[in-house]
1. Would a scan of region 220-228 turn up a residue that is within 21 Å of V192 (Cα to Cα) and touching a Gly at 6+ places or on another chain (Cβ under 7 Å)?
2. What is the number of the single condition among (1) closer than 30 Å to A31 by Cα; (2) at pLDDT 90 or above; (3) surrounded by 13 or more Cβ atoms within 10 Å (Cβ to Cβ) that W281 does not meet?
3. Taking the conditions exactly as written (without any contact (Cβ under 8 Å) to a residue 60 or more places away in the chain, surrounded by 20 or more Cβ atoms within 10 Å (Cβ to Cβ) and closer than 16 Å to W57 by Cα), does V189 satisfy them or not?
4. Please tell me if I11 is out of contact with any Asp or Glu (no Cβ under 9 Å at 6 or more places or on another chain), β-branched (V, I, T) and part of a helix (DSSP H, G or I).
5. Mind checking which residues of region 167-192 are closer than 17 Å to E68 by Cβ and at pLDDT 95 or above?
6. For region 32-61, which residues satisfy the criterion of being among the aliphatic types (A, V, I, L, M) and under 20 Å from A157 (Cα atoms)?
7. Out of the helices (runs of 4 or more DSSP H) lying entirely within region 118-235, which hold 1 or more residues that are of a type outside the set (A, V, I, L, M), under 30 Å from H107 (Cβ atoms) and more than 20 Å from the chain's Cα centre (by Cα)?
8. Residue by residue through region 181-202, note down the ones that are of a type outside the set (A, V, I, L, M) and under 12 Å from S299 (Cβ atoms).
Amino acid sequence: MAKNQKTYYEIAIEKGYSRRDFMKLSAMMAAFLGLESSSIGQVARALETKKRPPVIWLHGQECTCCSESFIRSSHPLVADILLDQISLDYTETLMAPSGYQAEKSLHDTIEAYHGEYILMVEGSIPTKEDGVYCCIGGKTFEEVLHESVDGAKAIVAWGNCASSGCVQAAKPNPTGATPVRKLVKGKPVINVQGCPPIAEVMAGVIVHLLLFGQIPELDRLGRPKAFYSRRVHDTCYRRPNFDAGLFVQSFDDENAKRGYCLYKMGCKGPVTYNACGVTEWNNGTSFPIKSGHPCLGCSEANFWDNGPFYEHLPKFPGFGIESNADKVGLGLSVATGVGIVAHAISTNIRKRKLIQEGECEPEENES
């Protein structure tokens with residue numbers, strides 16, 4: 001396999017794009033990465049000089065929802081990345097070859113691009129019974145993973161399965177499903193959490209790797225801070241209803257129709273870090289809470305075992321009103337009642353003072 005990878009700019013020119021179109025692409029990528037307008041030139045230079053790195057995309061125990069999310073995004077940047085901006089040399093789901101030819105593509109890429117390719121893993125790795133629950137090409141998935149890790153420039157774990165184990169690792173975890181980070185030693189793993197992750201978040205991670213040649217800043221769970229630094233609760237449009245103590249009590253009540261907070265319906269937004277409320281899904285159309293369903297916390301570790309989906313947390317870390325949502329409504333009711341009484345007393349005292357001073361006539365029922 002010859003190393004004849006072309007730069008992004010060369011590909012753009014070959015496909016008939018003008019220099020103006022190329023600069024528009026650079027500006028779009030800079031904006032998507034949250035960079036200042038002054039960084040557009042930096043992005044353009046990177047696209048002009050950097051070669052397209054090859055990609056190996058492995059599939060273990062999963063439902064392929066991460067791939068589905070990625071390729072079905074309506075954002076044009078995602079299609080550009082998949083079809084034009086990366087060399088997708090091996091992926092069981094999308095590649096045309098099968099059998100011997102497919103395995104040859106994997107081995108050729110590992111050998112020819114050792115130290116240069118990006119390894120992307122979708123799905124958990126079974127470790128019980130010597131890994132017999134997932135075998136590819138006569139090898140266990142764990143063997144395939146270790147074979148591919150050594151020469152990888154960067155490792156990305158797509159979705160909750162690869163990042164945390166997801167439903168396969170839920171108790172009692174019969175296959176011994178294990179996330180990538182627990183089996184890969186000596187190399188950082190980028191965990192792009194979610195079930196599945198948001199397509200534009202996946203795209204943003206790839207663009208960062210391609211343009212800067214290094215992994216983005218990660219949080220304590222190995223997630224890119226650019227997309228996982230804020231709770232869903234903090235960016236949710238229903239947050240004012242939570243603060244006001246206005247909650248949905250059942251999915252078919254009037255409060256649900258009014259769009260009140262879904263916390264009491266099991267929403268895990270207060271303890272879930274993701275970009276759902278900002279980026280949303282399907283080109284910014286919606287996200288679970290916006291469609292009337294509570295957040296399940298799918299971007300958090302072990303979310304499948306973190307309590308029943310439709311029972312809310314008794315409390316969660318925070319300040320003041322966030323300490324216990326069950327007390328919010330009662331507290332506000334009491335506060336409102338006290339306020340009304342206080343206002344009535346204050347008004348009555350002020351009015352009596354005006355009457356005594358002769359500035360106001362007493363009403364018939366006042367003594």
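The values are calculated or read from the model by the stated rules, or taken from the named source; none is laboratory data. In this text the structure is predicted, and so the values were computed from the model without any measurement. Reconstructed Cβ throughout: ideal geometry from the backbone, glycine too, with neighbour counts over all protein chains shown.
1. Yes, because at least one residue in region 220-228 is within 21 Å of V192 (Cα to Cα) and touching a Gly at 6+ places or on another chain (Cβ under 7 Å).
2. For W281, the failing item is (2).
3. On the way: without any contact (Cβ under 8 Å) to a residue 60 or more places away in the chain: yes; surrounded by 20 or more Cβ atoms within 10 Å (Cβ to Cβ): yes; closer than 16 Å to W57 by Cα: yes.
Against the criterion (without any contact (Cβ under 8 Å) to a residue 60 or more places away in the chain, surrounded by 20 or more Cβ atoms within 10 Å (Cβ to Cβ) and closer than 16 Å to W57 by Cα), V189 qualifies.
4. Judged against the criteria, I11 is not a match.
5. Hit for region 167-192 is V192, nothing else.
6. To start, the set of residues in region 32-61 that are among the aliphatic types (A, V, I, L, M) comprises 33, 35, 40, 43-44, 46-47, 55-56, 58.
Scanning region 32-61 gives L33, V55, I56, L58.
7. Counting at least 1 such residues, we get 141-149, 199-212.
8. Listed by number, the residues that qualify are N191, Q193, G194, C195, P196, P197.
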